[in-house]
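Enquirer: Quick one: the structure is below, and I'll ask about it shortly.
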Amino acid sequence: MASVEFRNVTKSFGDFKAVADVSFDIANGEFVCLLGPSGCGKTTSLRMMAGLETPSSGQILIGGEEVTHLHPKDRNIAMVFQDYALYPHMNLADNIAYPLKVRGEAVAKRHARAKEVADVLKIGHLMDRLPSQISGGQQQRTSLARALVYPARIYLFDEPLSNLDAKLRLEARGFLNHLQRDMGMTAVYVTHDQAEAMALATRIAVMDQGRIVQFASPIEIYRRPATTFVANFVGNPPMNLIAVEGTQADGQLRLVAEGANIGALPMTDAIGKALAAGSALTLGVRPEHLFIAEAGAANSVTAPLFANENMGPESLVTIDRGEGARVTARIFIDEHLDLGETVTLGFAPEHIHLFDHTGKRIPAAGE
Ligand code: ATP
């Protein structure tokens with residue numbers, strides 16, 4: 001296992017910067033997810049680690065050694081692709097043992113090792129089958145087994161679960177989580193699925209337009225998103241973001257939306273600085289931090305009911321503040337609500353997130 005470091009890495013395709021001056025340090029044994037929307041540069045970053053792309057500038061280090069221009073086969077890295085990339089004419093035993101074959105391992109030895117890994121992944125009984133004769137979930141595990149059969153310094157995953165159906169995906173995610181904790185592998189895992197990143201990662205790098213916007217533990221990203229972009233990307237449903245006008249009165253920050261006073265917070269130096277730069281703030285509240293409140297309650301938003309979706313143990317209650325500005329609460333609710341009925345959703349001031357006029361987090365008191 002080894003560490004991975006990016007030092008000011010940029011990758012341009014013509015005039016376009018797919019990865020723009022990215023620096024980070026991944027410690028030995030970490031499981032890091034690169035998370036972000038389509039086209040933000042996740043796969044390009046991963047391919048540079050693998051040696052399948054060369055940076056336009058900057059350096060890449062693995063285990064403290066510079067590998068920026070090293071051939072992929074000399075990096076001792078294992079990669080699992082989205083499409084599994086299994087050899088269709090080889091049975092599972094040969095597919096899984098392939099990395100050992102290219103390293104000159106004798107047939108008996110490599111098949112024994114392949115069986116060992118396959119058993120762990122619960123596909124040991126399928127070794128004689130061809131990839132076309134097994135399910136998608138089993139193909140995914142075969143591809144994983146092939147990556148794990150030879151001890152690599154780093155494991156790279158490019159959306160390996162995205163071709164699985166929802167149930168298999170959850171199962172495979174749990175399995176990967178177990179495997180990582182068990183093996184202590186250093187892994188970099190690309191996904192645009194925030195739930196997958198939250199479940200698997202020791203740290204998440206949230207990417208937007210070729211840059212890393214936040215690089216922190218899942219809990220830190222959930223509790224203290226650095227920007228409105230991160231706040232909106234992580235969490236299901238995402239954090240509610242409400243455009244507000246901030247004013248200072250009587251040692252308090254008053255939050256006004258559409259002319260209505262919707263909340264107040266004690267002033268802090270950080271809020272004062274943000275207000276001086278611009279009074280157009282964004283108030284963030286997670287759906288799980290909203291509750292049904294009395295009309296006119298302090299710290300609340302009121303609007304007609306747009307939807308009430310039963311999710312089993314809880315419901316998603318969405319109100320529509322007009323022009324698509326909706327607020328969703330994730331709550332336990334017994335009562336029937338009619339569409340269009342006026343609903344007030346309340347929040348506790350300690351669960352508020354505030355962002356300045358540029359979308360940057362304003363640290364809460366004590367942060
Ligand atoms: P996705 O989740 O859709 O795979 P991603 O975050 O992995 O997206 P990348 O595949 O890294 O994104 O691509 C980043 C940007 O670079 C995209 O706009 C893409 O079109 C562009 N890009 C990637 N490879 C090339 C290439 N070989 N030539 C030109 N542009 C490229």
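Enquirer: If the convex hull of the alpha-carbon atoms of segment 292-340 is projected onto planes in all directions, what is the mean projected area in square nanometres?
Expert: On the way: hull surface 14.4 nm².
With every direction weighted equally, the projected area is 3.6 nm².
Enquirer: What is the sum of charges around LEU46, taking Lys and Arg as +1, Asp and Glu as -1, for the other residues whose C-beta is under 13 Å from the C-beta of LEU46? Mind dumping the intermediate values first?
Expert: Values: positive: LYS11, LYS42, ARG47, ARG75; negative: GLU53, ASP158, GLU159.
Local charge sum for LEU46: +1.
Enquirer: Explain nothing, just compute: Karplus ³J(HN,Hα) = 6.51 cos²θ - 1.76 cosθ + 1.60, θ = phi - 60°, for every residue of segment 204-216 in order, whole Hz, x for Gly and Pro.
Expert: Going residue by residue, I get 10, 9, 8, 10, 8, 6, x, 10, 8, 8, 7, 9, 7 Hz, with x marking Gly and Pro.
Enquirer: Continuing with the same structure: Amide H to amide H, which residues 5 or more places from HIS357 or on other chains are under 5 Å from it, using H placed in the peptide plane?
Expert: For HIS357, no residues qualify.
Enquirer: Write down the Kirkwood hydrodynamic radius of the chain, to one decimal in angstroms, obtained as one divided by the mean of 1/r over all alpha carbon pairs.
Expert: On the way: mean 1/r = 0.0433 Å⁻¹.
This gives a value of 23.1 Å.
Enquirer: Between PHE157 and residues 5 or more places away or on another chain, which pairs have amide H atoms under 5 Å apart, with H built 1.01 Å from N, and which residues are they?
Expert: Amide H neighbours of PHE157: VAL80, VAL188, TYR189, VAL190.
Enquirer: I've got another one for you. How much area per residue is accessible in segment 4-232 when the probe is 1.4 Å and only protein heavy atoms are counted (Å²)?
Expert: Values: 10070 Å² over 229 residues.
Value returned for segment 4-232: 44 Å² of accessible area per residue.
Enquirer: For segment 311-320, what does the Karplus curve 6.51 cos²θ - 1.76 cosθ + 1.60, with θ = phi - 60°, yield as ³J(HN,Hα) per residue in whole Hz, taken in order and with x for Gly and Pro?
Expert: 10, x, x, 9, 10, 9, 9, 10, 10, 10
Enquirer: Let me ask something else. Please turn the phi angles of segment 43-56 into ³J(HN,Hα) values with the Karplus equation 6.51 cos²θ - 1.76 cosθ + 1.60 (θ = phi - 60°), one per residue in order, whole Hz, x for glycine and proline.
Expert: Computed from phi, the couplings for segment 43-56 are 5, 4, 4, 5, 5, 6, 5, 6, x, 7, 9, 10, x, 6 Hz.
Enquirer: To continue, here is another question. Compute the relative contact order of the chain as a whole-number percentage, counting only Cα pairs closer than 8 Å that sit 6 or more residues apart in sequence.
Expert: Working: 758 pairs, mean separation 55.5, N = 367.
Relative contact order of the chain: 15 percent.
Enquirer: Sticking with this structure for a sec: Taking a quarter of the surface of the convex hull around the Cα atoms of segment 1-67, what do you get in nm²?
Expert: About 4.4 nm², averaged over all directions.
Enquirer: Accessible area per residue, 1.4 Å probe, Å², for segment 238-355: what's the number?
Expert: Numbers: 5930 Å² over 118 residues.
With all protein chains present, segment 238-355 gives 50 Å² per residue.
Enquirer: Could you tell me the center-to-center distance, by alpha carbons, between segment 252-286 and segment 108-134 in angstrom?
Expert: 59
Enquirer: Would you kindly compute the Cα radius of gyration of segment 179-296 and its largest Cα-Cα separation (Dmax), both in Å?
Expert: 17.8, 56
Enquirer: Next question. Can you list the residues, at least 5 places off or on another chain, whose amide H is less than 5 Å from the amide H of VAL343, using H built in the peptide plane?
Expert: So VAL343 has HN proximity to ALA303, LEU305.
Enquirer: Taking a label point 7 Å from the Cα of GLU288 along the Cα→Cβ vector, which residues of segment 234-249 have an amide N closer than 14 Å to it?
Expert: Backbone N within reach: 234-240.
Enquirer: Express in Å², to the nearest 10, the accessible area of LYS17 obtained by rolling a 1.4 Å probe over the protein heavy atoms while all chains stay in place.
Expert: Counting only protein heavy atoms, LYS17 exposes about 110 Å² to solvent.
Enquirer: With no solvent and one point per C-alpha, what does the Debye sum give as log10 I(q)/I(0) for segment 94-174 at q = 0.12, 0.13, 0.23 Å⁻¹?
Expert: For segment 94-174, the Cα-only Debye profile gives -0.34, -0.40, -1.14.
Enquirer: At 1.4 Å probe size, with the rest of the protein present, what percent of the exposed accessible area of the chain is carbon and sulfur atoms?
Expert: Working: 8530 of 17120 Å².
Solvent-exposed carbon and sulfur of the chain make up 50 percent of the total.
Enquirer: Along each of its three principal axes, how wide is the spread of alpha-carbon positions in segment 238-355, in whole angstrom units, largest first?
Expert: Principal-axis extents of segment 238-355 (Cα, largest first): 44, 25, 23 Å.
Enquirer: Rounded to the nearest 500, what is the 222 nm mean residue ellipticity of the chain from helices alone, with -39500 (n - 2.57) per DSSP H run of 4+ residues and division by all residues?
Expert: Working: 9 runs with 92 residues, N = 367.
Calculated mean residue ellipticity at 222 nm is -7500 deg cm²/dmol.
The values are calculated or read from the model by the stated rules, or taken from the named source; none is laboratory data. Treat the numbers as computed from the prediction; the structure is a model and nothing was measured. Cβ: placed from backbone, ideal geometry, glycine included. Neighbour counts: every protein chain shown. Ligands, DNA and RNA are stripped out before the accessible areas are found, and what is left, the full protein with its side chains, is counted by its heavy atoms. Shrake-Rupley method; radii C 1.70, N 1.55, O 1.52, S 1.80 Å.
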